[in-house]
1. Report the Cα centroid-to-centroid distance between the stretch 17-43 and the stretch 108-179 in angstrom, as an integer.
2. Figure the gain on full extension for residue 152 and residue 172 (residue separation times 0.36 nm, minus the Cα-Cα span) and round it to one decimal in nm.
3. Using a 7 Å offset from the Cα along the Cα-to-Cβ direction at both residue 38 and residue 163, what is the distance between the two label points in nm, to one decimal?
4. Quick check on the exposure proxy: order 76, 15 from fewest to most C-beta atoms within 10 angstrom.
5. Would you mind ranking 154, 85, 159, 136 by Cβ crowding within 10 Å, fewest neighbours first?
6. I need the per residue convex hull volume for the stretch 13-52, using only the alpha carbons, in cubic angstrom as a whole number.
Ligand code: ZN
């Protein structure tokens, strides 16, 4: 499906979905495949995601791969010389503190970084949450999905009814947008269970 051996031309892949949908596992699978073919791989994640380990992109099943935490998306450009494949995990958290005006008119952060990398011939694989806990498209993810060549949506299973889940329902009352957590903080639920909950909370 992907063109990794056919061409050295760059392109962007996005892997998105809710919490517990296996985004990071899919990112790791693609990166390991590239490494196996002796391609030079670099992996980045925002410094904010320090749930498990500073150095690794770690999925929930501890299938780890070395990564570099970066303060801002601009650092990815500086650190991507001489690579074939760039992996970016938790992309939704990049550039949260950029002022909106700045993001729109001056620097679109991670979106521009991915475009520049792909334009320069690098395969870019970006993983992230497509929606926040309110069901709102998350930060740069909609624009990344729009500008990518390939978009893969992965799904969790609704813990309430067993349908495919694409919402990350927050189990606590905190309304902070950036809140890292695990099973005690979020649960994957489907459209119907989300709507039921949302109507109840209103
Ligand atoms: Zn459900």
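None of the figures in this text is laboratory data; all of them are computed from the coordinates on show. Worth saying up front: this structure is predicted, and the values here are computed from it rather than measured. When we count neighbours, we look across all protein chains shown, and the Cβ atoms used for this are built from the backbone with ideal geometry, even at glycine.
1. 15
2. Details: separation 20, 0.36 × 20 = 7.20 nm, distance 2.89 nm.
Full extension from residue 152 to residue 172 adds 4.3 nm.
3. Going by the 7 Å Cα→Cβ label model, 5.0 nm.
4. Sorted ascending by nearby Cβ count, the order is 76, 15.
5. Values: 154 19, 85 24, 159 16, 136 10.
Ranking 154, 85, 159, 136 by Cβ neighbours within 10 Å, fewest first, gives 136, 159, 154, 85.
6. Values: hull volume 3.8 nm³, N = 40.
Normalising the Cα hull of the stretch 13-52 by residue number yields 95 Å³.
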